[in-house]
Amino acid sequence: MQCPFLKEATVRYCGIAPVRKLVPRDSIHEDDQRCTTPDYQRCPTAQAHLTGHDGLTECPFLQESLVQYCAAAEVTKFIPCNDSVLSRCNGDNHRHCPLYLQRAHPRHQRSAHDGCLAAPAGRQPAGQIDDDTGEIPTPDSLAFAPSHMWIDVGENGCCDVGIDALLARVLGRVDSIRFVSPQGHGRPRATISIDDLDLPLAFPLRLEITSANALLRVRPETIVSDPYGAGWLFAGQVPCHDGPKSDVASVAGLLQGEAARQWMRTECDRLARFVHDLQAQRCDRGEILMSDGGEISNDLWKHLDREERLLLFDRFFAEPNE
Ligand code: SF4
């Protein structure tokens, strides 16, 4: 399904002008038109090319074409309908576009100060905790890997890959993100840097990777503030995809729907036990690793030392040994 903010327009332009200016056909008043009347013969640009083209009812250099544009963008930019830059807008991947999220889902609000995607004051970052259940959310449209990464596969096989809300909540913040996988066939891999540690992320399924999320290069914090929305890592295409999206999850051994919810609850319990064990080992220092009586704190990372962080990442988020 294409983005509801993707619109089409017919534009006109002068085919011989040194600068191509696209003007929506609907916005041109007929009284202003020289190009569509015999008056075109008085146009200086046309006169230089008119040999053999006089006596027509409209200018032979007037061109018309169909374009698309984003109605959510502040500045309208017309793009030819077949341009690959619109592949996200034309398919299900639009669900992770920052502009779409801001306009379609009010909880994705733009900070008035720095322009980043941020949660409303006093609330959890978008997507880290389900407001109704208080649990780590696992949206039904996503399929989850054991390394706490997700994939969202559209009807045409286009897909996005990112990290889940548990990993986002544990980290709390990141310093930078490096995309390891180049475009082309391969497994999506990236490295998250936080507090002088480089944490490798790897998605288990091979994809045709088409792009990395450029927003994360300038605003890496988006991966933890909006892990299921604008914080996606890679976009791509599932190879040989021609069936329902649930087929992809079952073939790759990923979890979806109720199975994913059960798995996430088990992971949260396992993480709570892990942190309690750490706390027991450090009881002589009396440091507090949990908040709110046992729920996983969204600043857990900062309470751990380097060795504990590495152990935590290895136990829960590292790529399983093949
Ligand atoms: S840029 Fe985003 S909001 Fe605009 S049409 Fe494309 S997907 Fe939709």
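The values are calculated or read from the model by the stated rules, or taken from the named source; none is laboratory data. The model shown is predicted, which means the values in this text are computed figures rather than measured ones. Reconstructed Cβ throughout: ideal geometry from the backbone, glycine too, with neighbour counts over all protein chains shown.
Only one entry of Ala259, Ala280 meets the criterion of being of a type in the set (A, V, I, L, M), surrounded by fewer than 16 Cβ atoms within 10 Å (Cβ to Cβ) and closer than 20 Å to Val153 by Cβ, and that entry is Ala259. Summed over segment 1-27, the residues that are in contact with a strand residue (DSSP E or B) (Cβ under 7 Å, 6 or more places away or on another chain) and either away from the ligand (no atom under 16 Å from the Cβ) or at pLDDT below 85 (or both) give a count of 12.
Among strands (runs of 3 or more DSSP E) entirely within segment 150-226, having at least 3 residues that are free of Cβ contacts under 8 Å to residues at least 60 places away in the same chain and of a type in the set (Gly, Ala, Ser) singles out no element at all.
Of all residues in segment 177-198, those being surrounded by 13 or more Cβ atoms within 10 Å (Cβ to Cβ) and within 18 Å of the chain's Cα centre (by Cα) number 12. The sole residue among His113, His94, His108 that is near the ligand (Cβ under 8 Å from one of its atoms), at pLDDT below 90 and either loosely packed, with under 15 Cβ neighbours inside 10 Å or under 17 Å from Cys3 (Cα atoms) (or both) is His94.
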